[in-house]
Amino acid sequence: MFKRVAPYIGEYKKYTVWAVIMMTIGIIASVLPYFFLYQIISPLTRGDSIDMTFLLIRVAAVAVCEIIYSVTYVQGLVFSHVSAYNTLKNLRISLQKKLEKQPLGNIKEMGTGRIKKVFTDDIDQIELLLAHAIPEGIANIAIPVIIIIIMFVYNWRLGLLSLVPLVAGMIAMGMMMHQGMSKMNAYYESAARMNNTIIEYVNGMEVVKVFNKDGDSYKRFGDVVRSYRDFTIAWYKVCWPWMAIYTSVLPCLVLLMLPFGSSMVLDGVITLDKLILVMCMSFAVGPSFLKALNFAGKFPQLDYKIAELEKMMDKPALKEGTSDFTGSNYDIEFKDVHFGYDETEVIKGVDLSLKQGTTTALVGESGSGKSTLAKLLVHYYDLNSGAITIGGQDITDMKLESLNNRVAFVSQEQFLFNTTLYENILIGRPEASKEEVMEAARRAQCEEFINRFPDGIMTQAGDGGKQLSGGERQRISLARALLKNAPIIVLDEATAFMDPENEEKMNAALDEIVKDKTVLVIAHRLSTIKNADNICVMKDGLCIASDTHEGLLQTCSEYRKLWDASVSASTWKIKGA
């Protein structure tokens, strides 16, 4: 497990080494008082007298040892945490870079919850390994091992007796870890199931209240929480007896040494002062050994989290070229494009041409592949086969940055950062002047609601843009696209949350900015795209027809059916209204 993390330590490895050295010095200092204690007790067992100077020197030595232990052990923890937190920083940066290289679609499929858990919770758990388990474990194991060897050299019989509790404790710990590992995956699955149910319960509370489903929803919530509770308690009940055994037995090396050692003293095999010396050494072994082994129970959990982290980091990167844009123009070609999510193919060989300076619309029923086709153009995913070219250059041959500079993508679900509206628009082109930002906001019809706020365009958008309505967020997103002024524009239901009045304004703004640009539009309301230069009708992942609005009404029954449904929906009204 440490080998997986070691490459990220880098130059901070020396801090880990120094942490081990300082902690080892500290533990030696914590062990020495037992030898001073022996020096005080041993003369008394022989009937010798102790003068006050002799006693005060040993007491002072004990105090000095405690001070050395406190200073060196704390300094060791400082070194270990410097190494640990810089390693976590390197790990997060490495993960962030790998995520940046992955298809954006895959990242969205992971979900913000899982990514947040990996970046914060799981990586934070590795701090235990680097800051405590490694340096403290090495230091707390090394000294007891050395002491046990000395005990064997001093009296092999007493050394053997001291090993019996250690062996018994190790067997108990092994049984506990075996029981724990057998249920580890099921435990994490149960925890994930409970977390997902809680999130679903909270997010769906409005629907639950409206339709009076409190009982059903809470029953499911309660069942999952109780299931997690019962599973966890059952798991702990299996582990607790073994935990009780090893935590009780491991520190007590004198368990057999005291009765058998006393018998050996009475039989004249060893002297009393030797027994006392070995017993004092055993008192130094137990706490350090137990502290080191307590980290062992954390390793399986850490190993599981690191494995999950590596699984995320090892996903294939998005195919990306190294060249800038070299296309001759901004004509777009979809050439026999195939794509699928997992094993399900959703785009089944699409051929489509988008000429520079024209608007092409994708229409079709939900699930026909419209949005997927648009996302493939902006390189959210890699194709299974086929090619997408801009001006004759395959999009996988150019740098992603170069592609992004030439495409503005506005979807129906837009995210605003928790900063000012001005800075949210400025994302479109960070080097733009304030006048250009204000002009983009005006052309996107943002002035109407911006002027309502006391701080105007410097108003905070709130978390996820919660200060604005859905339509207002979309207009801010359109302002970003206007400011970017990219030669290719993709609009995926960009007017989905607009009321009729504002949609008319938006369409007027769109008509103004799409001149001389290659535009791909996706819309369910066909009235908004009937003037497009070309309309592609999608069905089951195929482009079954492509023509103007008038042409498709004459030649494509699928489009005619969609158009009739659109007209019917637009004229629908409540009877008697």
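Derived scalar couplings between HN and Hα for segment 438-451 equal 5, 5, 5, 5, 5, 5, 8, 6, 8, 4, 4, 8, 5, 5 Hz in order, rounded to whole Hz, by the Karplus curve 6.51 cos²θ - 1.76 cosθ + 1.60 (θ = phi - 60°), x for Gly and Pro. Across segment 473-486, rounded Karplus estimates of 3J(HN,Hα) from the backbone phi angles (6.51 cos²θ - 1.76 cosθ + 1.60, θ = phi - 60°) give 4, 5, 5, 5, 5, 5, 4, 4, 5, 4, 5, 5, 6, 6 Hz, Gly and Pro being marked x. Around Ala461, under 10 Å between beta carbons, what's the net of Lys plus Arg minus Asp minus Glu among the other residues? After counting each charged neighbour, the total is -1.
If you take the Cα centroid of segment 226-292 and the Cα centroid of segment 365-432, the two points sit 64 Å apart. Taken about its Cα centre, the chain carries a charge dipole of about 1540 debye when Lys and Arg each add +1 at the Cβ and Asp and Glu each add -1 at the Cβ. Using the Cβ-Cβ distance between Lys399 and Ser227 with R0 set to 41 Å, the FRET efficiency works out to roughly 0.25. Seen against the Cα atoms of the chain and their longest principal axis, helix 184-203 is set at about 40 degrees. Each residue of segment 333-341 is assigned a 3J(HN,Hα), and the resulting list reads 10, 9, 10, 6, 7, 10, 7, x, 8 Hz, derived from the Karplus form 6.51 cos²θ - 1.76 cosθ + 1.60 (θ = phi - 60°), x at Gly and Pro.
The stretch between Thr326 and Phe54, if pulled fully straight at 0.36 nm per residue, gains 89.1 nm over its current Cα-Cα span.
Distances between placed amide hydrogens fall under 5 Å for Gly349 paired with Val337, His338, Phe339, all partners being 5 or more residues away or on another chain. The alpha-carbon atoms of segment 2-55 define a convex hull whose volume equals 81 cubic angstrom per residue. Cross-link reach is defined here as a Cα-Cα straight distance under 26 Å, omitting same-chain residues fewer than 8 places apart; for Lys434 the lysines meeting it are Lys466, Lys484, Lys505, Lys515, Lys517. What you get for segment 332-570, charging only the Cβ of Lys and Arg (+1) and of Asp and Glu (-1), is a dipole of about 260 debye around the Cα centre.
In whole percent, what relative contact order does the chain give with Cα contacts below 8 Å and a gap of six or more residues?
Result for the chain is 14 percent.
On the basis of the beta-carbon distance and an R0 of 41 Å, Asn451 and Glu308 show a calculated FRET efficiency of 0.25. Between helix 254-266 and the chain there is an angle of about 10 degrees, using the helix long axis and the longest principal axis of the Cα atoms.
Counted over segment 332-570, the DSSP beta bridges are approximately 55% antiparallel. In the chain, a dipole from Cβ-located charges (positive for Lys and Arg, negative for Asp and Glu) runs towards its positive end, and of Tyr381, Cys556, Pro287 it is Pro287 whose Cα lies farthest in that direction. Amide H contacts for Asp394 (H built 1.01 Å from N in the peptide plane; partners 5 or more residues away or on another chain; cut-off under 5 Å): none found. Cβ-Cβ distance of Ile150 and Ser248, R₀ of 30 Å, FRET efficiency by 1/(1 + (r/R0)^6): the value works out to about 0.75.
Values quoted throughout were computed directly from the atomic coordinates according to the rules given, and no laboratory measurement underlies them. Since this is a predicted model, take the numbers as computed values, not measurements. Note that we place each Cβ from the backbone using ideal geometry, even for glycine, and neighbour counts take in every protein chain shown.
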